[in-house]
Amino acid sequence: QVQLVESGGGLVRTGGYLRLSCSASGRTGSIYYMGWFRQAPGKEREFVAAITWGGGFPYYADSLKGRFTISRDIANNTIDLQMNSLKPEDTAVYYCAGRTSRGTYYIPGSYTYWGHGTQVTVSS
């Protein structure tokens, strides 16, 4: 079993920044991909970013490249998401996820482990 807990969400104005952190515990040795996804009310869950458990090969949704940065803190077993130049459309619940398989990394249903989410709200 793997347990994931997100933290760092909050309220920020347009143009501001936040840093989210996902703490992983349990049987993490078999994880290959870790990802961040987000879901706004009434919308489908969408891919934000992904990274391997070893901390390499970061991937991003095309619309977020240049603003969001995903990273792996190996010592603390966390996956972080630095979010800069935030916009109102970034408002959503942000979820941390993990899976043991390789392959296509941006499909929510392909991830096995999920946190409960952290709210990010960006005001105009």
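The values are calculated or read from the model by the stated rules, or taken from the named source; none is laboratory data. Keep in mind the model is a prediction, meaning the values are calculated, not measured. For neighbour counting, all protein chains shown are included, and Cβ atoms are generated from backbone atoms with ideal geometry for every residue, glycine included. Ligands, DNA and RNA are excluded from the accessible area calculation, which covers all protein heavy atoms including side chains. Shrake-Rupley method; radii C 1.70, N 1.55, O 1.52, S 1.80 Å.
A search for C-beta distances below 8 Å between a residue of the stretch 61-87 that is over 15 Å from ARG38 (Cβ atoms) and any residue that is open to solvent by less than 40 Å² (accessible area, probe 1.4 Å) and aromatic (Phe, Trp, Tyr), counting only pairs 6+ apart in sequence or on different chains, returns ARG72/TRP53; ASN84/PHE68. Residues that are without any contact (Cβ under 8 Å) to a residue 40 or more places away in the chain, open to solvent by less than 20 Å² (accessible area, probe 1.4 Å) and not polar (S, T, N, Q) do occur in the stretch 28-49.
Across the stretch 50-77, the qualifying residues are those that are among the polar types (S, T, N, Q) and open to solvent by 20 Å² or more (accessible area, probe 1.4 Å), and the one among them that is farthest from GLY117 (Cα to Cα) is SER63.
When the stretch 72-84 is filtered for residues that are within 15 Å of GLU6 (Cβ to Cβ) and polar (S, T, N, Q), the ones remaining, listed by number, are ASN76, ASN77, THR78, GLN82. Looking only at residues in the stretch 79-120 that are within 16 Å of LEU11 (Cβ to Cβ) and hydrophobic (A, V, I, L, M, F, W, C), the one that is surrounded by the most Cβ atoms within 10 Å (Cβ to Cβ) is MET83.
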